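The values are calculated or read from the model by the stated rules, or taken from the named source; none is laboratory data. Fair warning: this is a prediction, and the values are worked out from it, not measured in the lab. With ideal geometry, Cβ positions are generated from the backbone for all residues, glycine too; neighbour counts draw on all protein chains shown. Protein only, heavy atoms only, side chains kept; ligands, DNA and RNA dropped before computing areas. Shrake-Rupley method; radii C 1.70, N 1.55, O 1.52, S 1.80 Å.
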Amino acid sequence: MSFLFSGYTALRGDKGVEQTGGETVHKLCDRVQNSTLLEDRRAAVLGLKGLARDWKLEVGTRGMPVLINVLRNDRMDVDIVKASMETLNILCTAEPDAESPTSPNSLPKKETEDLEIMFTEIFTKDAGNVTLLLDILEEVDFYVRFYTVQLLNTLLLHSGSRLQDCILTSPLGVSRLIDLLDDRREIIRNEGLLLLIALTQNNADIQKIIAFENAFERLLGIIIDEGATDGGIIVQDCLQLTHNLLKYNVSNQNLFRETSCIQRIPTLLMIRTTINDRPVDVPITDRSIHWTEQKIVNANFVLELIRILGAPKNPSALVNQNVINYAKIVPILNDMSFSPNLPIRVRAQALYAFGDAIRGHKANQDIVSRITLPPAQKPGNSSAGGTPIPAVLQIIKIALEAGEFPLRAAAAYAFECYVYRNPDAQLAVLSTLIPPPSSNPNADNDTENPESAGSLLVSSIVDWESSRKEPFRTWFAATMLAHALNDNLQGQHLALATKLDEREDAVSLLHKCMYALLCVSRETADVRIPVSILCLLCVWVHECPKAVAELLTEGSNIQFLVEQINQSSGVNSLVQGVAAFLLGLLHEFNDDSEPTFTRASLQSLVTSRIGVDVFASRIERLREAKELNNASQHILKKDLLVGADNQPEVYFDYMFVELFKSSHDRIVRSVTTVEVKGGSPKRKTPLADEDAVKTLKEKLAEQDTELTLLRDKVPALEQTAAEAEQRETEKTLLQAQVTSLEVQLQEVATEHAAHIDTLQEAIEAFKAALAESEQNHQNLIHEHEKLKAKLSAGKEDPEREALTAECAHLKAALAEKDESYQALAAEHEALKAAQAEREEVHRKLTADHEDLLLMFADTDEELEALKASIAGGVGGFAGQDEQNNEYYADNTNGQEGHPSHDQGDGGAYGNVESYTLKGYDDSNFVGYNHYAPDSGDYAPDGAGDGPPQQYYADGQYHYAADGPNYAHYDSAGYAPPPHHTHAQ
């Protein structure tokens, strides 16, 4: 207590003087630095920890170097390291209640945040401090590792880039962080996961190092151990870290692919359930699965993993799609996309992953072409029979039917990926633009409205009035039809030849679309409908002079476009911009096959009726429109915005945006450039110049064609290079394996030769033993034959019969003897019990007899004392009484005079080593007598002729002949009478 009080006094300061927090911090820091005892340093660190919240500035400025030195010098003490880590974490962490400080010394929130950033920068300024934390992670103590990881998370929050640099400079820094994933304590493993997720957000070097530390196998192992999609937040964190390692990192994707991790993705899409008390893995589409919020999130993260591998702008997407095809992931995604048992969010994500897995990959696209769905999976159809429908038709239906917008957008994206760089699929869809006949068996029992993929798209565009309240039906139909026409001249011509009516005056599909556009503009429908139809026409006429000529055959079409561009009010700016762009495309790709509207006449029309400035301003305004610039390749962004009309703010398809951005400058220059007056009205430039321009255009077209071919070859070349690299890696690994196998083969051959020698020796020994066994067996057979002969000979022997009878007689006699023996044994037991009873009675009688003898001895002693009193007279008796009084007065604790009568292990007198007897009588001086327990003698020490007394070791106690004769005294007997020590 004095030690604790002195320590408290030292911190308290001088008596009567109030000590400030800064002074206390200074004394504590001094004690941490200069104390020799570890307990003192630990107590001082705990004191700094207690002051860190209220006196953060003082503790941080004075105590941080001290605490770092403690971590360097006292790492072996777990308690002081833990307290130091907690203190540093407090200094660098924002307090949750900083808005309402309770301490009078608390700082405002802004100043507190500045202090945290300052202390973080001070700590991370020296890379050795971060290396020190990474070294401390080797400790196995729970709290040390936990607080170390927490401190690293705090430092990363305030100074992420600096901490990443410090970790990269540490030789084993990343390896120690990865080892956190193997910690069996879930809290530390989870904190380590969060730290790795934050570290890999935007640092490709750390991503590569972590990936090559066997991170993918560890993460997938944790995910499967936690139950895959059935797991909790840990599965989500592991998948998030996997996304960080793979996203925009081609080398990590190559490693992920080469370590066969893609083949393990189907395992993540299985659910472990119990059927008949047996665990069974069932598909994620099973109707018995109960979907929780966490399960939905985990399933979406697994599907996002597939999307990362097959992302449109991913250089290694084609190689990854090959492995996806090999792992048979596409059928799984197909089942998930159309399963009614899955939540909408999961189905939408499955459709997006489905699209990314097949985008631009012919083999996967062909798989989709062959997939058919049972009628029971069709929405609104409860019948189990019927004709299966193609998966492509079901995708179009999902996109066109009213429902959840994310699901419809995902279906439209899947269709776009299906026809991307797939001319066969485009032509297959465009060949079905005319509805099938009512007798078609694929009409699915709906003879009034038979459907096909192309007819669904056309009807949604032409019959736009049915989409008045649902504008996205027309928008999705026009967008998907535009993708079917994109970059496919044969498909564009096939669509031009499509007549919607079988009459002689049948109207082509192109004019039907223009007519629908005219009607929409008059009815003031939703702006998305005219914009989507105009975008479809732009894609259709792009690089297709035949489509341009078909559109120009109707003068009303050009008049409508001019009116839309010229109106200053009542027309949406988006419609005006797309109409101007369409007019520019008609001018650009016009081959002058239509004499009414040649290139020159169209240019003159724009110059005279619209104006060059107005035309350019309409296109420029469209280029700057946020609706155009916010277009997403996946149609729907993650942060879905809803406009004032409660509709998603989606107006343009990404393909049209790319087309517009790549050609609008060229279109504006072509249309607005004023040609030189004079000369032929059709050719206002010299013939030589036109020939040169034509030649250059042809060369440019050839170069574009070659460039397109080269671009098409790039993925194949990348795939070939990746496969070559993979084969080279496999070759190196195989060579190493061959070398290792040769060494192992040599060792095995040596061991095999030695083993063969041993076996040969064993075989020789076995042969010798076998020969000996054969000889013994022959001998036994011979003996057996002899015995059999004797036995057969003895069957008729009369002596044998006599012996048999005698043996039976002896057996009967033996049975009688056994019965007699049993009776005698019972009688013997009864006699033993009676004898025990008699011995017990005898013992009790003996004890009573000994008690009587002791009583007689006491009586004799009293009689002798009375005789002595009478003989000595009154005077002598009085003197003796005085002596006796002196004797009793001197008797203390059994040391002198009357001896102690305690009975112990030593017999009647206990464990007494000796005692002295002093007394007088009328004639004799007894003297001093001592008892020696070892010898058994009791004899006088001094002169005197008193009666001799003996106590023998065998238990006999006797007086002289003139004294009383004591009875036998054994070790378990009775103590002598209390006054036997007096003189006789």
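Values for this structure:
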{"read-out": "Failed condition for E86, given (1) under 24 Å from N214 (Cβ atoms); (2) modelled with pLDDT of 85 or more", "value": "(1)"}
{"read-out": "Odd one out for K208 among (1) open to solvent by 20 Å² or more (accessible area, probe 1.4 Å); (2) touching a helix residue (DSSP H, G or I) at 6+ places or on another chain (Cβ under 9 Å); (3) over 18 Å from V174 (Cα atoms)", "value": "(3)"}
{"read-out": "Looking only at segment 209-231, and only at residues there that are at pLDDT 90 or above and small (G, A, S), the one that is nearest to H290 (Cα to Cα)", "value": "G221"}
{"read-out": "Every pair of residues 6+ apart whose Cβ atoms lie under 9 Å, when the first sits in segment 252-275 and is within 21 Å of P315 (Cβ to Cβ) and acidic (D, E) while the second is part of a helix (DSSP H, G or I) and open to solvent by 10 Å² or more (accessible area, probe 1.4 Å)", "value": "E258/Q726; E258/T729; E258/E730"}
{"read-out": "Single condition E706 does not satisfy, out of (1) closer than 30 Å to N320 by Cα; (2) of a type in the set (D, E); (3) open to solvent by less than 100 Å² (accessible area, probe 1.4 Å); (4) modelled with pLDDT of 70 or more", "value": "(3)"}
{"read-out": "Residue in segment 17-29 that is open to solvent by 80 Å² or more (accessible area, probe 1.4 Å), in a loop (DSSP other than H, G, I, E, B), at pLDDT 80 or above and out of contact with any helix residue (DSSP H, G or I) (no Cβ under 7 Å at 6 or more places or on another chain) present", "value": "no"}
{"read-out": "Enumeration of residues in segment 60-82 that are more than 18 Å from N34 (Cβ to Cβ) and of a type outside the set (D, E)", "value": "G60, T61, R75, M76, V78, V81, K82"}
{"read-out": "Options N276, N202: the member that is of a type in the set (S, T, N, Q), modelled with pLDDT under 90 and under 27 Å from L151 (Cα atoms)", "value": "N202"}
{"read-out": "Residue check, E95 at pLDDT below 85, acidic (D, E) and farther than 19 Å from Q150 by Cα", "value": "no"}
{"read-out": "Count of residues meeting criterion [over 22 Å from K295 (Cα atoms) and acidic (D, E)] in segment 232-265", "value": "1"}
{"read-out": "Number of positions in segment 508-530 that are of a type in the set (S, T, N, Q) and open to solvent by 30 Å² or more (accessible area, probe 1.4 Å)", "value": "2"}
{"read-out": "Meets criteria (closer than 14 Å to W540 by Cα and of a type in the set (S, T, Y)) for T474", "value": "no"}
{"read-out": "Segment 461-502, residues that are open to solvent by less than 40 Å² (accessible area, probe 1.4 Å), part of a helix (DSSP H, G or I), at pLDDT below 95 and hydroxyl-bearing (S, T, Y)", "value": "S467, T474"}
{"read-out": "Residue within segment 280-287 that is within 30 Å of A721 (Cα to Cα) and of a type outside the set (S, T, N, Q) present", "value": "no"}
{"read-out": "Looking only at segment 329-362, and only at residues there that are of a type in the set (F, W, Y) and open to solvent by less than 10 Å² (accessible area, probe 1.4 Å), the one that is farthest from L393 (Cα to Cα)", "value": "F354"}
{"read-out": "Residue among F142, F146, F119 that alone is under 30 Å from the mean Cα position of the chain (by Cα), within 23 Å of G47 (Cβ to Cβ) and either surrounded by 14 or more Cβ atoms within 10 Å (Cβ to Cβ) or at pLDDT 85 or above (or both)", "value": "F146"}
{"read-out": "Pairs, first of a type in the set (G, A, S) in segment 156-176, second open to solvent by less than 10 Å² (accessible area, probe 1.4 Å), C-beta under 6 Å, six or more apart", "value": "S159/T120; S159/T124; S170/L134; G173/L134; G173/I167"}
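Matching residues to (1) surrounded by 15 or more Cβ atoms within 10 Å (Cβ to Cβ); (2) touching a residue at least 60 places away in the same chain (Cβ under 8 Å); (3) among the aliphatic types (A, V, I, L, M); (4) under 23 Å from N254 (Cβ atoms):
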residue	(1), (2), (3), (4)
R185	no, no, no, no
L193	yes, no, yes, no
N203	yes, no, no, yes
R218	yes, no, no, yes
D225	no, no, no, no
T229	yes, yes, no, no
I234	yes, no, yes, no
L239	yes, yes, yes, yes
